[in-house]
Amino acid sequence: MSLQEVLIDELRDLYSAENQLVKALPKAIRGISDPTMKANVKEHLEQTKGQVLRLREVFQQLGKKPTGQHCSGMEGCIKEVTEALEKDEEGALKDAGILGASLRVEHYEIAGYTASIAIAKVLKQKEIVDLLTETLNEEKNAAKNVLSGAPAILKQAASQEDEDEDEDEKPKSPKEKETEQKSEQDEQEAAPEMEGSSESTGKKPSSR
Ligand SMILES: [Fe+2]
C-alpha cells in the first residue's frame, strides 16, 4: 500500500461521513428547539452538501471514484445524535444533549480533514490541500458556532431541570437499558487493565 492509497482511503471515509450527515441532519434540525442552533445546523447542512461536491472534485483530480469506504466512526457519531434526539426530554434540555453530540460530529470531521491535509501536503498535492483546507475551516467554524450558542441553551436547560425534578423515576426504555448494559460491560472489560491504577487520579501508582 502506498501513502497515496492511504490518502484515498481517508478521503473515501470522509466522503461517506459527509453523505451520512447530509442524510441525518434534516432530522436533527427538526428536533432542535433553540432558533439560533436550528439556523446554524441548517446552514451547516447546506455547507455539508458543498463539502460532498468538493470531495467529488478532489476525487476527479485524483482520477478515482469517491465511494469504496464506509465511515463507521460517523455512523457512531450520528447514532449518538439520534439517541439525543430520541431522549424523552424537551426544549433546551434536549438541545443540551444534541449540543454534545454535534460537537463530537464536528471534531470527528476536523480530525479526518486534518489527517488528510497532512498526508496531501507530504505528497505535494497543493490543489487538494487547498480544497480540503476550505472544508476544514468550515468544520472549525461549525464547531465554534455550536459552542457560542451553548451558554444560552445550557442556562435555560438548567432552569428546566428544576421543573422536571420529579421525573427522576421514569422507567427506562429498551434502548436505554441496552446502552446501560453495554456501558457496564465496557467497565468490566477494562477492569483487568485498570487493576493497580490509582482510584482518584487514574495515574499509575508510584513504583516505590
Ligand atoms: Fe462536513
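Where a number appears in this text, it was derived from the coordinates with a stated rule and is not lab data. The model shown is predicted, which means the values in this text are computed figures rather than measured ones. Every residue, glycine as well, gets a Cβ built from its backbone with ideal geometry; the counts of neighbours run over all protein chains shown.
So for Glu189, Glu83, fewest C-beta neighbours within 10 Å to most, what's the order?
Glu189, Glu83
Can you work out D for segment 4-68 in µm² s⁻¹ from Stokes-Einstein, where Rh is the Kirkwood radius over C-alpha pairs, the temperature is 4 °C and the viscosity is 1.567 mPa s?
For the chosen part, D equals 102 µm²/s.
Any chance you could run the full-extension gain for Glu189 through Val122? It's 0.36 nm times the residue separation minus the Cα-Cα distance, nm to one decimal.
20.2 nm
Show that you can apply the helix-only estimate: for the chain, add -39,500 (n - 2.57) for every DSSP H stretch of four or more residues, divide by all residues, and state [θ] at 222 nm to the nearest 500.
-28000 deg cm²/dmol
How much length is gained if the chain between Ser148 and His107 is pulled fully straight, taking 0.36 nm per residue apart and subtracting their Cα-Cα distance, in nm to one decimal?
Additional length available on full extension: 13.2 nm.
Under the Karplus relation 6.51 cos²θ - 1.76 cosθ + 1.60, θ = phi - 60°, what is the ordered set of whole-Hz ³J(HN,Hα) values for segment 122-133, x standing for Gly and Pro?
So the J values, rounded to whole Hz, are 4, 7, 6, 9, 4, 4, 5, 4, 5, 4, 5, 5.
Assuming R0 = 30 Å, what is the FRET efficiency of Asp88 and Val22, from their Cβ-Cβ distance, to the nearest 0.05?
It comes out at approximately 0.60.
In which sequence would Glu187, Glu139 go, from the one with the fewest C-beta neighbours within 10 Å to the one with the most?
Listed from fewest to most nearby Cβ atoms, that is Glu187, Glu139.
Normalised by the empirical 2.2 N^0.38 Å for globular proteins, what value does the Cα Rg of segment 3-160 take?
1.09
Fully extended, how many nm does the chain gain between Gln60 and Ile29 (0.36 nm per residue separation, minus their Cα-Cα distance)?
The span from Gln60 to Ile29 would gain 8.0 nm if fully extended.
Sticking to Cα atoms, compute the Rg of segment 103-162 to one decimal and its Dmax as the biggest Cα-Cα distance, whole number, in Å.
Answer for segment 103-162, Rg first and Dmax second: 16.4, 56 Å.
Using Cβ counts within 10 Å as a stand-in for footprinting exposure, how do Met194, Met74 rank, fewest first?
Taking fewest neighbouring Cβ atoms as first place, the list is Met194, Met74.
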